[in-house]
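Enquirer: My questions will all concern the structure given below.
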Amino acid sequence: MFSSSTQIRIHYALTDQMGVVYYGNYAQFFEIARTEAIRQLGLTYKELEAMGILMPVSDVHIHYRKPVRYDELITVTVMLKEMPTGKRITFYGEVVNETGERCTTSDITLYFVDAHTMKPVHMPAALEELLKPFF
């Protein structure tokens with residue numbers, strides 16, 4: 001299993017009138033964590049794009065369990081529970097607050113597509129090689 005964590009401090013622009021994180025911002029938190037996870041592996045989204053690979057999201061499932069509020073420091077963790085095979089990759093995620101409470105969970109699936117044709121392609125060999133040691 002591969003896992004990576006990123007911390008984010010909640011600022012006013014991320015909250016709604018009730019003083020809690022607006023639900024639409026969680027997708028952004030998970031995107032930030034995915035980007036940093038790939039960077040931690042030794043590759044960047046920018047490098048994948050230079051290889052002609054894009055990764056559009058096809059499915060998003062987010063479960064809200066406990067609100068996150070202004071000025072809280074959250075830890076966003078994304079995990080790959082199994083080695084991705086084929087043309088898609090599913091990241092499982094969670095947001096934990098400063099006291100260790102799980103606030104939000106997710107599973108988000110992306111496809112690997114050719115940047116020119118927009119047709120699904122297999123996971124790039126460079127990414128596959130970086131992930132192998134974790135599975």
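Enquirer: Among the residues of the range 1-49, which ones are over 26 Å from Tyr111 (Cα atoms), part of a helix (DSSP H, G or I) and charged (D, E, K, R)?
Expert: Across the range 1-49, there are no qualifying residues.
Enquirer: Filter the range 20-44 down to the residues that are closer than 24 Å to Asp71 by Cβ and more than 13 Å from the chain's Cα centre (by Cα), then identify the one that is surrounded by the fewest Cβ atoms within 10 Å (Cβ to Cβ).
Expert: Here the residue is Gly24.
Enquirer: A further question follows. Show the residue pairs meeting these rules: Cβ distance below 8 Å; 6+ apart or different chains; first residue within the range 104-120 and on the phi > 0 side of the Ramachandran plot; second residue not in a loop (DSSP other than H, G, I, E, B).
Expert: Final answer for the pair search is Met118/Leu54.
Enquirer: List, please: which pairs have Cβ atoms under 7 Å, are six or more places apart or on different chains, and start with a residue in the range 9-35 that is in contact (Cβ under 8 Å) with a residue 40 or more places away in the chain and end with one that is in a helix (DSSP H, G or I) and hydrophobic (A, V, I, L, M, F, W, C)?
Expert: Close Cβ pairs (under 7 Å, with a partner that is in a helix (DSSP H, G or I) and hydrophobic (A, V, I, L, M, F, W, C)) amount to Val21/Leu14.
Enquirer: Determine whether Met79 is surrounded by 15 or more Cβ atoms within 10 Å (Cβ to Cβ) and without any contact (Cβ under 8 Å) to a residue 40 or more places away in the chain.
Expert: Considered against the rule, which asks whether it is surrounded by 15 or more Cβ atoms within 10 Å (Cβ to Cβ) and without any contact (Cβ under 8 Å) to a residue 40 or more places away in the chain, Met79 comes out as no.
Read-outs: derived from the displayed coordinates by stated rules, not from any lab. As the structure is a prediction and not an experimental result, all values here were calculated from the model. Reconstructed Cβ throughout: ideal geometry from the backbone, glycine too, with neighbour counts over all protein chains shown.
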